[in-house]
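Data block below; observations after.
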Amino acid sequence: MDLPQVLPDDQIERALVVTAHPDDVDFLASGTVAQWTASGIEVTYCVLSDGDAGGFDPAVDRADIPALRRQEQYRAAGVTGVKTVDFLGYTDGALEVTPGLRLDISRVIRRVRPQRVVMHSPEINWPYLPDFHPDHRMAGEATLRAVYPDARNPFAHLELLHDESLEAWTVDEIWMMGAPHPNHWVDINEQLTTKMHALYAHTSQTAHIHDLESIIRTRLVRQAVDAGWADGHLAEAFHVVATR
């Protein structure tokens, strides 16, 4: 396998994580995020939906779910050292790659000006299909198009420049979560406790999963094995691509 030329973290000032739902980043990448914020990287979350179709408790009024899940993501972000969370308010379960969604993600990219964007993979990961919502793939494709060509093209979305003074911005690299062919792994042994606290902050999603840490640990161990690491390591997996 050809490993990517990943930029060293000390060359990264800002990173943007774009996810479909609250909690996606905490299941897939919060250990890595915690490492980055601890090293001084400013990380921003952009969550496309409020997760209004989520939850497990039928006693909770469905009208209360969006606000509840926003608050859970704010709390989880605080655990991992993330200070800014943007919600775009799209409907959970109905994400599509539209010009409007691309515009909205491009706006965030131009405002945050990240060197690194973490995003869902737009590819179907067939062996793990039940783990990855169709919204993830739509979010991945929309983010990919926002990274290239939209956000970097000064002639795309002219309203962002003329009405909001948001100039074009070129992202250096993308890190795709849930990709079928990962090529980069991050050792998060020291961040497992932080990752679990972030996941437990999503009470509406995780309170009923009594063996959550065992489930998460099993996945992280499997990913470390895929990376070819020795026993005892825990890894979050990404497909990293340079975008310049």
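The table for this structure:
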read-out: Residue list for the range 193-240, restricted to those being closer than 21 Å to residue 175 by Cα and of a type in the set (Gly, Ala, Ser); value: 198, 224, 227, 228, 235, 237
read-out: Cβ-Cβ under 9 Å pairs, at least 6 apart or on other chains, the range 103-127 side in contact (Cβ under 8 Å) with a residue 40 or more places away in the chain and within 17 Å of residue 33 (Cβ to Cβ), far side hydroxyl-bearing (Ser, Thr, Tyr) and part of a strand (DSSP E or B); value: 108/44; 112/44; 112/84; 114/44; 118/19; 119/19; 120/19
read-out: Within the range 158-189, tally of residues that are crowded, with 17+ Cβ neighbours inside 10 Å, part of a loop (DSSP other than H, G, I, E, B) and β-branched (Val, Ile, Thr); value: 2
read-out: Condition broken by residue 211, with the remaining ones in (1) acidic (Asp, Glu); (2) at pLDDT 95 or above; (3) over 26 Å from residue 74 (Cα atoms) satisfied; value: (3)
read-out: Among (1) within 29 Å of residue 103 (Cβ to Cβ); (2) in contact (Cβ under 8 Å) with a residue 60 or more places away in the chain - the single one residue 34 does not satisfy; value: (1)
read-out: When residues of the range 178-205 are limited to those that are touching a residue at least 24 places away in the same chain (Cβ under 8 Å) and among the β-branched types (Val, Ile, Thr), the one farthest from residue 222 (Cα to Cα); value: 203
read-out: Any hit, the range 56-79, residues being of a type in the set (Gly, Ala, Ser) and over 23 Å from residue 197 (Cβ atoms); value: yes
read-out: Number of the condition not met by residue 58 [criteria: (1) within 28 Å of residue 234 (Cα to Cα); (2) free of Cβ contacts under 8 Å to residues at least 40 places away in the same chain; (3) assigned to a loop (DSSP other than H, G, I, E, B); (4) not hydrophobic (A, V, I, L, M, F, W, C)]; value: (1)
read-out: Failed item in (1) of a type in the set (A, V, I, L, M, F, W, C); (2) crowded, with 17+ Cβ neighbours inside 10 Å; (3) in a helix (DSSP H, G or I); (4) touching a helix residue (DSSP H, G or I) at 6+ places or on another chain (Cβ under 8 Å), with residue 224 passing the rest; value: (4)
read-out: Among the candidates 146, 139, residue that is in contact with a His (Cβ under 9 Å, 6 or more places away or on another chain), modelled with pLDDT of 95 or more, among the aliphatic types (A, V, I, L, M) and crowded, with 24+ Cβ neighbours inside 10 Å; value: 139
read-out: Residue in the range 83-101 that is at pLDDT below 95, under 15 Å from the mean Cα position of the chain (by Cα) and either crowded, with 17+ Cβ neighbours inside 10 Å or not in a helix (DSSP H, G or I) (or both) present; value: no
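The values are calculated or read from the model by the stated rules, or taken from the named source; none is laboratory data. Keep in mind that this is a model prediction, so the values were computed, not measured. As a convention, Cβ positions derive from the backbone with ideal geometry for all residues, glycine included, and neighbour counts pool all protein chains shown.
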